[in-house]
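Q: What follows is a structure written as structure tokens; I'll ask about it next.
We did not get these values from a lab; they are worked out from the coordinates using the rules stated. Computed from a predicted structure; not experimentally measured. Here the Cβ positions follow ideal geometry from the backbone for every residue, glycine too, while neighbour counts run over all protein chains shown.
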Amino acid sequence: MKLGIVSDHGGFELKEFIKNSLKEKFEIIDCGVDSEASVDYPNIINPACKKLISEEFPRMIALCGTGIGASISANRMKGIRAALCHDEFTAEMSKRHNNANVLVLGGRLLGKDLTLRIVDKWLNTEFEAGRHEKRIQLLDSL
Ligand code: RB5
């Protein structure tokens, strides 16, 4: 299963940790960055989202320092449902109700243990569909 991952410099360290933790289970497509050198997050996040939209991979984890810039950038793009999650509950609900195709994390906020629990919950929760299907379709049609 392919999984995209991307971060700016603020999320780089946690991105590398997640990548190393998941590399046995997933084919990780790393969309950058490659170091902690300062970048402007839309320049990194948006091209990665385009790869998801063009189906190079079905889902992606995106990080910046707080997760806010990455979240705003990603959600500007049609077809992206990026959820900034801080705990397992928001990660679970972002899949069950919102079918989030991008999990956004704050690299400067989360410890490694919590990060892995959030990622695991997001990767292993299914979309409930039903009444939520119509709501998701509205996102891209209004
Ligand atoms: C970079 O310093 C920081 O602003 C960025 O990683 C992110 O947190 C922006 O929302």
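Q: Which one, 90, 137, 80, projects farthest toward the positive side of the charge dipole computed for segment 3-142 from Cβ point charges (K/R +1, D/E -1)?
A: The Cα lying farthest towards the positive end belongs to 137.
Q: Okay, next question. Shape call for segment 58-129 from the C-alpha gyration tensor, a ≥ b ≥ c root eigenvalues: rounded (a/c under 1.5), prolate (a/b greater than b/c) or oblate? Intermediate values should be presented prior to the final figure.
A: On the way: a/c = 2.11, a/b = 1.07, b/c = 1.98.
Oblate is the answer for segment 58-129, as a/c is 1.5 or above yet b/c matches or exceeds a/b.
Q: Sticking with this one: Read phi for every residue in segment 52-61 and hand back ³J(HN,Hα) as whole Hz from Karplus 6.51 cos²θ - 1.76 cosθ + 1.60, θ = phi - 60°, with x for Gly and Pro.
A: 3J(HN,Hα) across segment 52-61, in whole Hz: 5, 4, 8, 6, 5, 7, x, 7, 8, 10.
Q: Sticking with this one: Give the angle, between 0 and 90 degrees and rounded to the nearest 10, that separates the Cα long axis of helix 131-141 from the longest principal axis of the Cα atoms of the chain.
A: 70
Q: Based on the Cα atoms of the chain, what semi-axes does the equivalent ellipsoid have, where each is the square root of 5 times one gyration tensor eigenvalue, given in whole Å with the largest first?
A: For the chain, the semi-axes come out at 22, 17, 14 Å.
Q: Taking neighbour Cβ counts within 10 Å as the exposure measure, how do 19, 78 sort from fewest upward?
A: Least to most surrounded, the residues fall as 78, 19.
Q: Along the positive direction of the dipole of segment 1-41 (beta-carbon charges: Lys, Arg +1; Asp, Glu -1; about the Cα centre), which of 14, 37, 4 reaches farthest?
A: Highest projection toward the positive end goes to 4.
Q: Relative to the longest principal axis of the C-alpha atoms of the chain, give the angle of the C-alpha long axis of helix 12-22, reported between 0 and 90° and rounded to the nearest 10°.
A: So the inclination is approximately 70 degrees.
Q: Let me ask something additional. Once you charge only the Cβ atoms, +1 for Lys and Arg and -1 for Asp and Glu, what is the size of the charge dipole of the chain about its Cα centre, to the nearest 20 debye?
A: 460
Q: Another question about this same structure. For the chain, what is the mean residue ellipticity at 222 nm derived from helices alone (per DSSP H run of n ≥ 4: -39500 (n - 2.57); sum divided by total residues; nearest 500 deg cm²/dmol)?
A: -13500 deg cm²/dmol
Q: Can I ask one more? By average Cβ neighbour count within 10 Å, what is the ranking of 90-100, 121-131 from highest down?
A: Going from most to least packed, we get 90-100, 121-131.
Q: Which shape class, rounded, prolate or oblate, goes with segment 1-48 when its Cα gyration tensor gives a ≥ b ≥ c as root eigenvalues, a/c under 1.5 marks rounded, and past that a/b bigger than b/c marks prolate? Let's see the in-between values first.
A: Numbers: a/c = 3.33, a/b = 1.59, b/c = 2.09.
Taking the square roots of the gyration eigenvalues as a ≥ b ≥ c, segment 1-48 is oblate.
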